1. What distance in nm separates the two pseudo spin-label positions at T264 and Q4, each 7 Å out from Cα along the beta-carbon direction?
2. Can you give the local net charge around A92? Use residues other than it whose beta-carbon is closer than 11 angstrom to its beta-carbon, Lys and Arg +1, Asp and Glu -1.
3. How big is the gap, in Å, between the Cα center of segment 311-385 and the Cα center of segment 176-249?
4. Which of D201, D223, D185 moves the most in a Gaussian network model of the chain with Cα springs under 10 Å?
5. List the Cys residues of the chain that have no partner Cys with a C-beta closer than 4.7 Å.
6. Which whole-number value in Å³ per residue fits the convex hull of the alpha carbons of segment 75-140?
7. Using only C-alpha positions, report the orientation-averaged shadow area of the convex hull of segment 84-227, nm², one decimal.
8. What does the extension gain come out to for T188 and Y128, with contour length at 0.36 nm per residue minus their alpha carbon separation?
Amino acid sequence: MTSQPNVLFMIADDHRWDAIGGMGDPTVKTPTMDSLIARGTTFRQTHIMGSLVGAVCVPSRAAVLTSANLFRSGGNQINRDLAVWPRVMREAGYHTFFSGKWHNDRQTFTDSFDDGAKIFFGGMSDQYKVPVFDFDPTGKYPNDTRYIGEKFSTELFTDAAVQFVENYDETDPFFLYLSFTSPHDPRTAPGEYTTMYSPEDIPVPENFLPEHPFDNGEMRIRDEVLAPFPRTPEIIQQHIADYYGMITHMDAEMGRVLQTLEATGHLENTIIIYTADHGLAVGQHGLLGKQNLYNHSIHVPSIFAGPGIPEGETVDALTYLYDVFPTVCDLTDVDCPDTTEGCSLVPLMNGHVERVRATVFAAYRDIHRTISDGHWKLIRYYVSEETGAGTNCIQLFNLEQDPWETINLADLPEHADRIQSLAADMKMWQIQTNDFMKDIPILLQG
């Protein structure tokens, strides 16, 4: 067995950062994730940089693969000028294997993986009828080789990962990329998980609203019409119950992978990462989807466990999802390409630094921008009469006192200087990332 650590990277679709028992949610059951939190390091302030399209998962996954910002990484078509994480691991001697959802271009996939199984090239599907491919070393994947998976999506993808680990007998370390479609809708968890959570027992979020307080320019996108307007507590409780059922089922399937690693003697030599491509509102702020810049949508789980990673540690510094690529390079002694923009989180894990960045910035299409220093958060809405919305405003939240983002302080004169300071930080990010909205000023409310 190689002394260089293996890597298991697991990424979910739509999993909000705090919908985990070990993160303080008293309702959802996630024993596998909780065990990873206990035996690893958890980053509590990991963000995505948003999206320029409604399908937020596409650019978010591109950022994971390239460790580049939203305006540079590409989306469905990865920027060919950038190094790609699994390809870098492959070229460093890792045997790379993929199972699950791949929502980026196929050429990048072919360049990155030695093997794979139950590969879904797409965004979403019936969870019980996922159209998948077997691995094609030619990279052609003709349509007549696609078939419908025989199990619920999470089980289908996990089976492939388990079989890979069970059969792996090579001397090279492996890089296993397991990409779930859960807990994305349709939220139709199988078996006992369908009714595991009674809607009447689900707490209504503290920031529940029947409708968003103003038109944010994206009020009728697909995610938002999954429930009628105005929202009711009962409807939201049902959505959350279904969401939790999907999460708990996924957690159990993750447990199967970890059990297989242990049974085959790989667990102690495997770096395990769990995260998600973005969060989800599920009733918060009167919203259901992720096409917004509130924390429930841009804040994701980020758990690392395994060799070289401190146990039972929690880090509150501001991080990005695209930090995972350079972090794993650091942990595995793989040279990190100079095209990456993320930061290695190893110094944070080991307590050698208190932060790797002072602020985080995010964007959604050409209508939302946000900046946060972890304490204060500014959201700017570029929505005008021409769009039919008639809203062109800002929000300012004190996240330490108001983590649910319910009290907009932007109208208070005493915060004018703070808004301008955050606006200057936002402008800096926009210039550095070549954000096409960088020439539009931040205006004070009123």
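The values are calculated or read from the model by the stated rules, or taken from the named source; none is laboratory data. Nothing here was measured: the structure is a model prediction, and the numbers come from that model. Heads up, the Cβs are rebuilt from the backbone with ideal geometry, glycines too, and the neighbour counts pull from every protein chain shown. Ligands, DNA and RNA are excluded from the accessible area calculation, which covers all protein heavy atoms including side chains. Shrake-Rupley method; radii C 1.70, N 1.55, O 1.52, S 1.80 Å.
1. For T264 paired with Q4, the spin-label model returns 1.8 nm.
2. Surrounding charge for A92 is -2.
3. Taking the Cα centre of each part, segment 311-385 and segment 176-249 sit 27 Å apart.
4. D201
5. Those would be C57, C343, C393, since no other cysteine Cβ in the chain comes under 4.7 Å of theirs.
6. 84
7. Values: hull surface 49.3 nm².
Averaged projected area of segment 84-227's Cα convex hull equals 12.3 nm².
8. Answer, rounded to one decimal: 20.7 nm.
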